[in-house]
Amino acid sequence: MPPSRTPTPPPASAPETPARRDFLRVAVHGGVLLGAAGAGCLAALPRATEEPPDDLLPLAEIAALAKLEPGTPQRFEITLARRDGWRVVQRTRRLFLLRRSGGDTAAAFAAFSSVCPHAGCEVETTGKEYICPCHQAKFDANGEAAAGPAPRGLDPLELAVQPRDGKPWLHVRWQEFVTGIAQRVPRTT
Ligand code: FES
């Protein structure tokens, strides 16, 4: 987690655009769940500070492609910083990355929100599937609903492969969706 900061009022010389008011930063922390034992944790990633150009959050760098094991969902955290008046409020969200096949293009990967589409609890992974602890919804490794009350599969997140220090990294755009319905409707933040 980034260190807490004492909030200060914005300088008068830097008027905020609506998008800039909403989300100031996206910081990413890498973590891995390997199997039911949940072993291991990657070091926090140092770079991912951007300002959004529009209503969507920016793509945030999440992990080097070389870190992702084929066929094993891995969990990562992303911290969003939002300005509320003169305060900056941070919130952490989790997502899963899955390498579906070989290759270094975005098509070889999938990214899923950890927010359960049933009622918004946080889904976990066993390393082979995803399970929601609230009402036992299950999703297969590709995020498809497999059992329980969830009205749809896990929500996929936009991803892209972009270079960082000469190596390919997965970048993901965080987004939230309305829960409890079969349709995938983006939630406005
Ligand atoms: S909130 Fe996940 S199964 Fe109900």
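The values are calculated or read from the model by the stated rules, or taken from the named source; none is laboratory data. Small disclaimer: the values here were computed from a predicted structure and weren't measured. Ideal geometry is used to build each Cβ from the backbone, glycine not excepted, and the neighbour counts take in all protein chains shown. These area figures cover heavy atoms from the full protein model, side chains too; ligands, DNA and RNA do not enter into them. Shrake-Rupley method; radii C 1.70, N 1.55, O 1.52, S 1.80 Å.
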Restricting to the stretch 54-76, name every residue that is closer than 21 Å to Lys167 by Cα and open to solvent by 70 Å² or more (accessible area, probe 1.4 Å). Ala66, Lys67, Glu69, Pro70
Could you go through the stretch 99-106 and let me know if any residue there is at negative phi, surrounded by fewer than 21 Cβ atoms within 10 Å (Cβ to Cβ) and of a type in the set (A, V, I, L, M, F, W, C). yes
Whether any residue in the stretch 119-130 is within 13 Å of the chain's Cα centre (by Cα) and aromatic (Phe, Trp, Tyr) is what I want to check. no
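Out of Pro168, Pro156, Pro117, Pro149, which single residue is touching a residue at least 24 places away in the same chain (Cβ under 8 Å) and touching a helix residue (DSSP H, G or I) at 6+ places or on another chain (Cβ under 8 Å)? Give the derivation first.
Working: Pro156 fails: touching a helix residue (DSSP H, G or I) at 6+ places or on another chain (Cβ under 8 Å); Pro117 fails: touching a helix residue (DSSP H, G or I) at 6+ places or on another chain (Cβ under 8 Å); Pro149 fails: touching a helix residue (DSSP H, G or I) at 6+ places or on another chain (Cβ under 8 Å).
Unique residue meeting the criteria: Pro168.
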If I filter the stretch 98-138 down to residues being of a type in the set (Ser, Thr, Tyr) and touching a strand residue (DSSP E or B) at 6+ places or on another chain (Cβ under 8 Å), which single residue comes out as modelled with the lowest pLDDT? Ser101
Got a sec? Which strands (runs of 3 or more DSSP E) wholly within the stretch 98-189 have at least 3 residues that are away from the ligand (no atom under 12 Å from the Cβ)? 109-113, 158-164, 167-173
Residue match in the stretch 76-84 (condition: within 16 Å of the ligand (Cβ to nearest atom) and either free of Cβ contacts under 8 Å to residues at least 60 places away in the same chain or part of a loop (DSSP other than H, G, I, E, B) (or both)): no
Can you tell me which condition Gly143 does not meet? The list is (1) open to solvent by less than 10 Å² (accessible area, probe 1.4 Å); (2) at negative phi, and all the others hold. (2)
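Val115 - would you say it is of a type outside the set (Phe, Trp, Tyr), touching a Phe, Trp or Tyr at 6+ places or on another chain (Cβ under 9 Å) and open to solvent by less than 60 Å² (accessible area, probe 1.4 Å)?
Values: of a type outside the set (Phe, Trp, Tyr): yes; touching a Phe, Trp or Tyr at 6+ places or on another chain (Cβ under 9 Å): yes; open to solvent by less than 60 Å² (accessible area, probe 1.4 Å): yes.
Criteria met by Val115.
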Take the stretch 77-97 and flag every residue that is surrounded by 18 or more Cβ atoms within 10 Å (Cβ to Cβ), at pLDDT below 95 and hydrophobic (A, V, I, L, M, F, W, C). Ile78, Leu80
